[in-house]
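The values are calculated or read from the model by the stated rules, or taken from the named source; none is laboratory data. Predicted model only: the values in this text are computed from it and were never measured. Quick reminder, even Gly has a Cβ in these numbers, built from the backbone with ideal geometry, and neighbours come from all protein chains shown.
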Amino acid sequence: MAEGDKDYEPKIYLLPNLMTAGNLVCGFVAIVSIIKAIDLGGIGDLEKAQPYFVQAIWFILAGCLFDVLDGRLARLGGQDSPFGQEFDSIADIVSFGVAPALLVMSVILNEFSDRFSILVASVFLVCGGMRLARFNCIATYGKSDNRHFKGFPIPAAAGLISSLTLFVLWLAEGEKDLSRWKIAFLVLMLFLSYLMISSIRYPSFKKLTWKTHRPLPWMVGLIIIVLVTATHVEWMPAMLFVSYMLYGLLRPLLGKRLRRGIEEEILSDEPEEDAPGEPGGEEPPRAAGGADGARSA
């Protein structure tokens, strides 16, 4: 190692990494809330435990928001740094790997045996970690395309599974038996695990910034979506995450012209590269906020 390397100190930008720290704290508080719910009897005493499960869900979703903000702030200020990328990945594995896996294992998969539910949750966690590692490798050594993610982003996977759990808890309010949902969530957890490490491309929304301008009907539609989400928090977040997941699956079936017409609204006016999953269709360059999220692996 050269002498200069011994004294190397990475650049640590305040605002992007403050958002990443907020993401990490949200993940930790979510885990603490889940443990409290389990101590109160978990699903066996849903009346006492449900508020803590719901609190955990909202902290996971808040982590998604912080994850969006750290990348945005990093790109806005040109504050890219290797430290931010690594810090973001650590925060993401806690908030979007450990927390949602523990949540679903405690609320739904507890209907299976302990060993089996732990196995399924572990598969989700390991695939999420591999997703983050692959993202960092591509961002560091590969060719980046900040318009798309390769594979389903781990924050989106966490948001989807958490918001669907919120929806189930809302539907089952007053019920103690959630066993009818166990097969659906088992399949979903394994399917999301596959999607995270797949080569399916998803829009990254990174071209959508404060300077983005769109026609009035487009803005009205966006405002309506925000208002409906704010007034129907029990099911609307789940619908948004599911729609995002399905779009990536259906995207290869859409004609190039239709696909370009849809994505130019949220990506850019540049012509799109062709084949899904090609090396250029990867993730964004390194940002101080890191590697994931709405920027996420």
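Close Cβ contacts (under 9 Å, 6 or more residues apart or on different chains) running from residues in the stretch 222-241 that are at positive phi to residues that are modelled with pLDDT of 90 or more and among the charged types (D, E, K, R) are absent.
Ala294 meets the conditions (1) at pLDDT below 50; (2) assigned to a loop (DSSP other than H, G, I, E, B) in every case but one. The failed one is (2). Filtered by the rule that a residue be surrounded by 18 or more Cβ atoms within 10 Å (Cβ to Cβ) and over 28 Å from Pro153 (Cα atoms), the stretch 39-66 gives Gly42, Ile43, Leu46, Ala49.
Of all residues in the stretch 223-249, those being under 26 Å from His148 (Cβ atoms) and outside any helix (DSSP H, G or I) number 0.
Matching residues to (1) at pLDDT below 95; (2) buried (at least 23 other Cβ atoms within 10 Å of the Cβ); (3) closer than 29 Å to Leu14 by Cβ:
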position	(1), (2), (3)
Gly84	yes, yes, yes
Val98	no, no, yes
Asn146	yes, no, yes
Val168	yes, no, no
Glu175	yes, no, no
